[in-house]
Each structure stands twice: as C-alpha cells, then as structure tokens.
C-alpha cells in the first residue's frame, strides 16, 4: 500500500492507495477520533456499482443511510449544496460528524463544499471512484460548484482529513469515462514528470486495458506529483496553476456546451491541444515536443467534435476563467515536456486563429497517429512559422 502525505495549512493528511483498500475503509476512518457519526454521500449511479461494498466497509461504525444526489455536471449547483446540508441536519449530523464523499469529481467538489459550509466545517473523507478523482480532484482541497457564467466559480479550499484510493473501483467505469481520466494522467506527465510521460508513450495500451499493475503505479505517480505541487502552493498563487494546463479552453468548452457534450477529461484534452499549439505558435515550445505532446494526448482516443463557438462568445468565456486578471486571459503553456509556464498573455488574433484551425490540425494528427511511426515526429503539427504573420 502506498501512503502519500499531503501538506496543508490546516494540517497534513494522507492518501492511502492500494487495490482492494476499500475493504479497510472502516479501520482507516476510525482513526479520526471522537466521530459522532459517519455520513456517506454519493450518487445513485455510483451507489449502484459500489454501494454494497462501501456499506460493508463501514459496518461497525455509526454510519447512516447514504445520502444520494444526481452527480451530472449540470447538477453541480448551489441548490444541491443546500439540499445536502438540510439532509445532514435531518440525519442529526453535528460538528463531530465525518462526511464521506464516495464518487467522482462532481461528488467530491459538491460534497467537499457542503462539508466546508455545514456548521462552518465538518470533517471530510474522500473515496474517489473515477480516475480523474483518484489522481486529481480528491487531492488538494479544491471544492465548489458552477454558475451559468462558468465552472467552479463558487467554492472554497477545504482539505479532507483522508483520501482512500482503490484502483479496483475503476473496473466498473464505462470505457469513455475511464478514457476521460487518462487525459488528466497525460497532463500530469506533460506538466511535471518526464519519466511518466515517456512511460505513457510506451504503455498507453496497457493503461487503456486497465492492467491492474500498470494502472496502480500510474495512479500513485500522479498522486505524488500533485502532492508535491500543492505542498508548495496550496492556494494556487503560482506553482499550482500548472495543474490548470488545458483547463482554460477546456472549461470554456464545458460551459458553452452546457456540460452535455464533453466529459471533463475530453474538454481538457482539447484544451491541452489548444495550449500546445499556442505554445508552438509563440515560440515557447519546440515542434518536436509539440508533436510528442499531441500524439500522447490523441493516443488516449478520439475526441468528440468541437462545436463552432462565435469568437466574441469564446473570448468572453475565456476572460471569465479564474486565472484571468482584469479580463485579460492568462494561459498555462508548455515550454518543454515536464515544464510549464503560467500567466502567459497571447494576442487575441493568434488565439482566434489557432482555435479556428484546431479541429483540422487535430483531425490530421489523429489520422497520422494511427499509422505513423516516430521517425517523423515533427510532421504531426504545423510549424510556428505558419502563425508568424499575425503575431
């Protein structure tokens, strides 16, 4: 079993990661002293697959019937937080309660925000059930909900007391949902781990097949990367912004499509492609590295088609990103594999052109990725000279 310690301003906590560790959840959570009750919150879909195992894992502790809510991204709203808090009141949760979030990113974000708000904060434990949640959203204390104007615009930094990560829980994920998480795995390699990136170039097929040993090692490696980043910048003042690679354009896509066309990882996949081409076009990234990054992203699988977003609407959505300052869009761009630069302002004409050409470039790269060898890596993307006229 891997135990990764996460540094937090409100006290360190541990991520316990191992295949089959869900069965030990009761013993782990019982380390949280003086708990007056265990209150599990999940979704009907997740509970259908792992409810019996989760209930069994907490047998013997003072846990109540699980509180369930719809975990669709469209339901990630303030009204749901209110409903959860009222349910906790009716079940008798007090300040010594422990809230256990069993689910993916939406469950973790919403339940985390509810735990941060209920009685001004009660203890929280995450049991992530999706790949994105296991390597990313359950770690670091970000919680929140969406507004019609954008994603995660209301929330709080609220670290959990513990994270229990069981890769076996991924076996029931639909293939598309699982692939969505792999885009975030690729992101981790791009931003901070050259060895992980190279491993994924060689072993993506094993990841897609959900090979237990491969998957467990990749998950632990991703957790360690995030632990290192947030241990140095918990509140996203500088370094932690590298974790948002692909999210500026990705969040705009999700908002524009009402969270109905793309899974989160798919939107981030498109966002990483856009950011990579912006880095190439502005001379921050070598063509060879850009080609490898695009190939790695696209090796996960086919991305859903991009919608046509009016330029004015796209600009407004991008300007509403949390990293923007005074309405000025600040991009997170790669400068080489394993290294990222944050806070980059790119001229709007260049952004508009790259986004406009993005579907064709990615379609070409997808076709070439299926048949090409590594002998001509630079053929996967266009040279930055193509963009020089509008810089």
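The values are calculated or read from the model by the stated rules, or taken from the named source; none is laboratory data. Source: prediction; values computed, not measured. Note: ideal-geometry Cβ built from the backbone for every residue, glycine included; neighbour counts use all protein chains shown.
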For the range 341-362, give me each residue that is over 19 Å from residue 303 (Cβ atoms) and over 25 Å from the mean Cα position of the chain (by Cα). 347, 348, 349, 350, 352, 353
When you scan the range 214-232, do you find a residue that is within 30 Å of residue 117 (Cα to Cα), assigned to a helix (DSSP H, G or I) and without any contact (Cβ under 8 Å) to a residue 24 or more places away in the chain, even just one? yes
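For the range 14-42, give me the residue count where each residue is in a strand (DSSP E or B) and more than 15 Å from residue 122 (Cα to Cα).
Step one: filter the range 14-42 for residues in a strand (DSSP E or B), giving 14-17, 37-42.
Still in the running and more than 15 Å from residue 122 (Cα to Cα): 14-17, 42.
Qualifying residue count, the range 14-42: 5.
Conditions (1) in a loop (DSSP other than H, G, I, E, B); (2) under 17 Å from residue 241 (Cβ atoms), marked per residue:
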| site | (1), (2) |
| --- | --- |
| 300 | yes, no |
| 305 | yes, no |
| 309 | yes, no |
| 312 | no, no |
| 318 | no, yes |
| 323 | yes, yes |
| 341 | no, yes |
| 351 | no, no |
| 355 | no, no |
Residue, surrounded by the most Cβ atoms within 10 Å (Cβ to Cβ), within the range 325-339, restricted to residues that are modelled with pLDDT of 95 or more and assigned to a loop (DSSP other than H, G, I, E, B): 337
Taking residue 282 as meeting all but one of (1) surrounded by 15 or more Cβ atoms within 10 Å (Cβ to Cβ); (2) within 30 Å of residue 209 (Cβ to Cβ); (3) at pLDDT 95 or above, write down the number of the exception. (2)
Is there a residue in the range 146-155 that is within 15 Å of the chain's Cα centre (by Cα) and closer than 24 Å to residue 19 by Cβ? no
Subset of the range 257-284 that is part of a loop (DSSP other than H, G, I, E, B) and over 22 Å from the mean Cα position of the chain (by Cα) - its residue that is farthest from residue 147 (Cα to Cα): 283
Does the range 43-56 contain any residue that is in the same structural domain as residue 149 (by TED's automatic domain parsing), out of contact with any helix residue (DSSP H, G or I) (no Cβ under 6 Å at 6 or more places or on another chain) and part of a strand (DSSP E or B)? no
Considering only residues that are surrounded by fewer than 21 Cβ atoms within 10 Å (Cβ to Cβ) and part of a loop (DSSP other than H, G, I, E, B), which ones fall in the range 285-298? 286
Any chance the range 70-77 includes a residue that's more than 28 Å from the chain's Cα centre (by Cα) and either surrounded by fewer than 17 Cβ atoms within 10 Å (Cβ to Cβ) or in a loop (DSSP other than H, G, I, E, B) (or both)? no
Closer than 24 Å to residue 44 by Cα, buried (at least 24 other Cβ atoms within 10 Å of the Cβ), in contact with a strand residue (DSSP E or B) (Cβ under 7 Å, 6 or more places away or on another chain) and modelled with pLDDT of 95 or more - does that describe any residue in the range 164-174? yes
